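The values are calculated or read from the model by the stated rules, or taken from the named source; none is laboratory data. All figures in this text were calculated on a predicted structure; none of them were measured in a lab. All Cβ positions, even for glycine, are placed from backbone atoms using ideal geometry, and neighbour counts span all protein chains on display. All accessible areas refer to the heavy atoms of the entire protein, side chains included, with ligands and DNA or RNA removed. Shrake-Rupley method; radii C 1.70, N 1.55, O 1.52, S 1.80 Å.
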Amino acid sequence: MKLLCISNGHGEDGIAVRILKQLRKLPGSPSLAALPIVGEGRAYEKAGIQIQGPTQAMPSGGFIYMDRQELVRDLQGGLVGLTLAQLKAARQWASSGGKILAVGDIVPLAIAWQSGAEYSFIGTAKSEYYIRDEAHRLPGRPLLEGWSGSVYVPWERWLMAHPRCQRVFLRDQLTANTLQKLGVPALYPGNPMMDELETRADTLAKLTATFPPAPARLSLALLPGSRAPEAFDNWQRMVSAIASVMETFGDRQVRLLAALAPALNLAAFKDVLLDAGWQPVLGEYPMFQRGNGVLVLTTNAFAECLHLADAAIATAGTATEQAVGLGKPVVTFPGPGPQFTYAFAEAQSRLLGPSILLLDDPQQTGAALQNCLADGPRLQQITENGRRRMGPPGAAGAIAQILHQHYARPPYSDATSWAT
């Protein structure tokens with residue numbers, strides 16, 4: 001058996017890799033390959049998973065749906081030719097008897113369908129939480145949003161209920177329940193975003209020892225995003241937010257843990273800090289100090305930064321969701337994009353609910369955190385909300401087991417028999 005994973009974004013690639021790693025551990029697992037349709041698939045390469053078909057980094061980084069100008073730039077960069085070549089690669093895979101796992105939104109799902117292969121789908125982009133919570137529809141949402149009974153429109157549900165679609169995994173129980181009522185055989189085994197967030201004892205100890213002792217401290221994770229140059233622009237606003245926090249919590253040591261993507265240029269982040277009056281300090285990690293703030297830049301301690309933090313300041317996609325899943329309040333504020341625009345940040349605040357403190361101005365961060373962290377019932381609600389919306393760890397292994405059980409025996413004769 002051969003399985004091709006089609007995904008459309010950096011976060012989607014990461015989710016897919018977590019599942020494929022678990023699948024690879026199982027006896028008799030299928031031969032694995034990947035077709036990343038956004039970017040060059042570095043996550044797959046790092047995991048030793050073969051890239052099948054053409055890849056190319058586009059100017060938009062995959063966010064063409066947020067800005068018409070980004071779509072124009074991608075079209076000029078060869079998007080049409082790339083897409084046609086990727087469609088051809090998927091059909092060739094199907095003609096050789098391979099199966100497909102689509103991860104993301106309707107784009108990889110539609111490619112899987114048009115290939116002619118049997119396929120499964122992991123829906124990461126949509127959730128019923130965008131338009132309602134467990135109790136009621138969110139106020140102020142357009143009347144036509146969810147017009148067909150779900151955030152997933154009828155043609156998406158048709159692709160998910162197609163006889164060749166063998167499995168459908170959704171990102172939360174609310175969405176799975178809704179689609180089940182509409183005839184889609186949906187499952188919710190958890191959210192793979194919450195996997196691989198375990199801390200390493202040695203890294204945790206090094207990070208903790210980096211900061212000078214203090215009788216009272218506030219620890220914040222800083223998550224500026226993973227894509228250049230947007231992450232650098234986000235960092236400029238984040239440094240302004242930090243100044244607000246240090247002023248508001250002037251009686252505490254403010255411990256700042258910046259979790260940066262390894263591919264980003266560390267020097268650019270250091271320059272912003274130096275321009276803002278931060279002074280470099282010798283330490284295990286690149287370290288800076290200003291007033292009551294101590295800041296550490298890391299590129300390989302994401303989970304440790306999250307676990308040590310009381311809260312997070314974020315202008316990111318997946319990283320924000322992971323922080324929420326760990327029960328942290330997260331301050332966000334929009335920028336010029338292409339990803340973390342106001343539209344993206346507002347939608348993310350609906351997806352993640354009361355865990356998100358969405359601000360218009362980074363300088364409001366100190367007051368917002370002070371009000372939140374002083375409210376015990378609110379913090380308890382944030383913890384419970386994160387667990388409900390993001391789920392516990394272990395989803396990648398659960399999805400891999402379900403896929404393995406299917407591929408280890410003859411194909412089902414219809415789309416409904418997989419429920420057994």
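Brief remarks on what is shown
- Residues located in the stretch 164-193, provided they are part of a loop (DSSP other than H, G, I, E, B), open to solvent by less than 10 Å² (accessible area, probe 1.4 Å) and touching a residue at least 40 places away in the same chain (Cβ under 8 Å): L170, D172, G190, N191
- Taking residues in the stretch 94-116 that are surrounded by fewer than 24 Cβ atoms within 10 Å (Cβ to Cβ), and partners anywhere that are of a type in the set (K, R), the pairs with Cβ atoms closer than 6 Å and at least 6 places apart or on different chains are G98/K2.
- The criterion of at least 2 residues that are surrounded by fewer than 24 Cβ atoms within 10 Å (Cβ to Cβ) is met by the following strands (runs of 3 or more DSSP E) wholly inside the stretch 293-337: 293-298.
- The residue that is nearest to L4 (Cα to Cα), counting only those in the stretch 93-130 that are β-branched (V, I, T) and outside any strand (DSSP E or B), is I111.
- The set of residues in the stretch 3-34 that are in contact (Cβ under 8 Å) with a residue 40 or more places away in the chain, open to solvent by less than 70 Å² (accessible area, probe 1.4 Å) and farther than 22 Å from L170 by Cβ comprises L26, S29, P30, A33.
- The one condition in (1) within 22 Å of F340 (Cα to Cα); (2) of a type in the set (A, V, I, L, M); (3) out of contact with any strand residue (DSSP E or B) (no Cβ under 7 Å at 6 or more places or on another chain) that L197 fails to fulfil: (1)
- L358 falls short on exactly one of the conditions (1) open to solvent by 40 Å² or more (accessible area, probe 1.4 Å); (2) farther than 19 Å from G225 by Cα, and that condition is (2).
- Candidates A367, A398, A374, A343: the one that is modelled with pLDDT of 95 or more, under 24 Å from G9 (Cα atoms) and of a type outside the set (K, R) is A398.
- Listed conditions (1) open to solvent by 20 Å² or more (accessible area, probe 1.4 Å); (2) touching a residue at least 24 places away in the same chain (Cβ under 8 Å); (3) on the phi > 0 side of the Ramachandran plot are all met by G41, apart from (1).
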